[in-house]
Structures are given as C-alpha cells and as structure tokens.
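Read the figures in this text as sums done on the coordinates, not as results from a lab. The structure displayed is predicted, hence computed values, not measured ones. Because the Cβ atoms are built from the backbone with ideal geometry, glycine has one as well, and the counts that use them run over all protein chains shown.
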Amino acid sequence: MMDINKLSKFDVTHLNEHTVTINKLYSKCKTTTYEQLDEYERKRMTSHFMDSEVIEYIKEHMCCKSVYTFNKVNVTIYMCDSSEYEYDVEEWIILNIVMTIILTFNVCGKNVEHTELNVIYIDVDISKHLEPECVKTEINSGSTTVATGDITIWRRDELHRTLIHEIIHS
C-alpha cells in the first residue's frame, strides 16, 4: 500500500491548520461587484486556447459576473443565470478556489497573504472529449497570461487540477 505522505510535499497531519486558514480567508472574501454581461464582454472572455464548443457556450449562456477579493487575490466568476443551478454554485466555486489556492501555495512555499493573484473562472459545464488526433483547443481547461499573471479557467469539472497547474505557471 502506498503512503500518501510520500506522494506529496503536503503534510496531511497539518490539515486542521489549513482548515483554519481556509475558513479565515473565506470569511474575508468580499463581493466587490456584481453585474450583467454585454455581448462585448462575453466575446472578450474567450481565448484561442478554447474549444469552439466552449466559446459558443460562453456567447450563449454567460450573463453575469461577480468579483471577489481576499488579501491580494482577486477572483472573477462568470456564470449563467443562477436559476439554472440546483444549489449555490457560486459559493461552492469561491470556496473551492480559496481552498485550492491556499493548499497549492503551501506546497509551493508561497505565502497567500503577500502574493498578488488574479483568477478568472468561467463556469462552463462542458467536459473534455479527447479524440485520437486531439488539438490544443480540445485539451485545454485554462491558461495563464504571462504579461499580467491572470489565470483563466473555463471547465467546471477541472477547476482544481487546472488551478493548481496554472498557479505553478504564474
């Protein structure tokens, strides 16, 4: 049987300490803006890294955005009308983003209290479908803009994995 502690730098014995930090930062999260999107902004959030199906979904379904801040971290969440969801998906998203940032920073030796980070999350509920001959648009779930350090994620089912990967790039 494999020892999970040998697979990661993250020491699971300190999980309680991380839970306290996650709860502390999550309680500091403030919604700074909430607004409806226009056609220009929906087009602006697309990327050449995105699959055409994802771009179409964004153009047709994204209708609002919320911006959260905690410490020097800004998280922008683009979503459909909240009535399309069964539960408070926005709260689930922000909690999961905060948790993933804190745990990833811990593993990388970064201090979340002193690091600037912009995360743009576009809530697209379209999973990848890999073909034998796949291209970059079929395999991407996020990207990092090197010039600004902005992290953009657009596949709900790959939020954690992609955020960890993109934090390492930023």
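Report note on the peptides 41-49, 107-115, 95-103, 162-170: ranked by the mean count of other C-beta atoms within 10 Å, highest first, their order is 95-103, 162-170, 41-49, 107-115.
Residues in segment 146-162 carry Karplus couplings, in order, of 4, 4, 9, x, 5, 9, 10, 10, 9, 10, 4, 6, 10, 3, 5, 4, 5 Hz; the curve used is 6.51 cos²θ - 1.76 cosθ + 1.60 with θ = phi - 60°, and Gly or Pro positions show x.
Near the amide H of Asp150, within less than 5 Å, lie the amide hydrogens of Thr145, all on another chain or at least 5 residues away, with H placed in the peptide plane. Antiparallel beta bridges, as assigned by DSSP with both residues in segment 40-170, represent about 50 percent of the total such bridges. Under conditions of 37 °C and 0.692 mPa s, segment 89-170 yields 244 µm² s⁻¹ as its translational diffusion coefficient, taking Rh as the Kirkwood radius over Cα pairs in the Stokes-Einstein equation.
Ellipsoid fit via the Cα gyration tensor, segment 33-135: semi-axes of 25, 19, 14 Å, each the root of five times an eigenvalue, largest first.
Close amide-amide hydrogen proximity is noted between Tyr121 and Thr76, Ile77, Tyr78, Ile153, each under 5 Å apart and 5 or more residues distant or on a separate chain (H modeled in the peptide plane; Pro and chain starts excluded). When segment 23-170 is described by a simple charge dipole with +1 on each Lys and Arg Cβ and -1 on each Asp and Glu Cβ, the residue from His160, Ser52, Ala147 located farthest towards its positive end is Ala147.
Under a point spin-label approximation (7 Å from Cα along Cα-to-Cβ), what is the Lys43-Cys63 distance to one decimal in nm? Here the modelled spin labels are 2.1 nm apart.
Amide H to amide H distances under 5 Å link Cys64 with Leu37, Met79, where only residues 5 or more positions off or on other chains count and H is placed in the peptide plane. Between Asn96 and Glu56, the simple spin-label model (points 7 angstrom out along Cα→Cβ) gives 2.4 nm. When each of the peptides 28-39, 142-153 is scored by the mean number of other C-beta atoms lying within 10 Å of its residues, the order from highest to lowest reads 142-153, 28-39. For an R0 of 30 angstrom, estimate the FRET efficiency from the Cβ-Cβ distance between Asn23 and Leu130 and round to the nearest 0.05. Plugging the Cβ-Cβ distance into 1/(1 + (r/R0)^6) gives 0.20.
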